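Note sheet for the following structure.
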Amino acid sequence: MENALWDRLSVEVRSEVDSLVSAGRNVQAIAVIRERVGLPTPSLHACVDLVDQRFSVLRQGPTPS
C-alpha cells in the first residue's frame, strides 16, 4: 500500500492502527495516527483517508504468495 503518511508510522504504530481499524474503532485509530506520527501533524482528512485505505486492505485479507 502506497501512502506517505503510512510510511511515516513505525511498525508498532501500524500494528496498533490495524488492530483498532479491525475492531471498528476508527476514531481511536485516527487519534493514534495524529499523536504518534510526529511533526508535521497530518490533517484530519489525511488520517481519515489512511484509515479508509487500511480498512480496505484488511478486509481483503492476506495476498496469496
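The values are calculated or read from the model by the stated rules, or taken from the named source; none is laboratory data. Everything numeric here is computed off the predicted structure, so don't read it as measured data. Cβ atoms come from the backbone with ideal geometry, glycine included; neighbour counts cover every protein chain shown. Accessible surface areas use protein heavy atoms only, side chains included; no ligands, DNA or RNA. Shrake-Rupley method; radii C 1.70, N 1.55, O 1.52, S 1.80 Å.
Assorted remarks:
- Residue in region 25-42 that is surrounded by the most Cβ atoms within 10 Å (Cβ to Cβ), counting only those that are small (G, A, S) and at pLDDT 95 or above: A29
- Residue in region 43-50 that is modelled with pLDDT of 95 or more, open to solvent by less than 30 Å² (accessible area, probe 1.4 Å) and of a type in the set (A, V, I, L, M) present: yes
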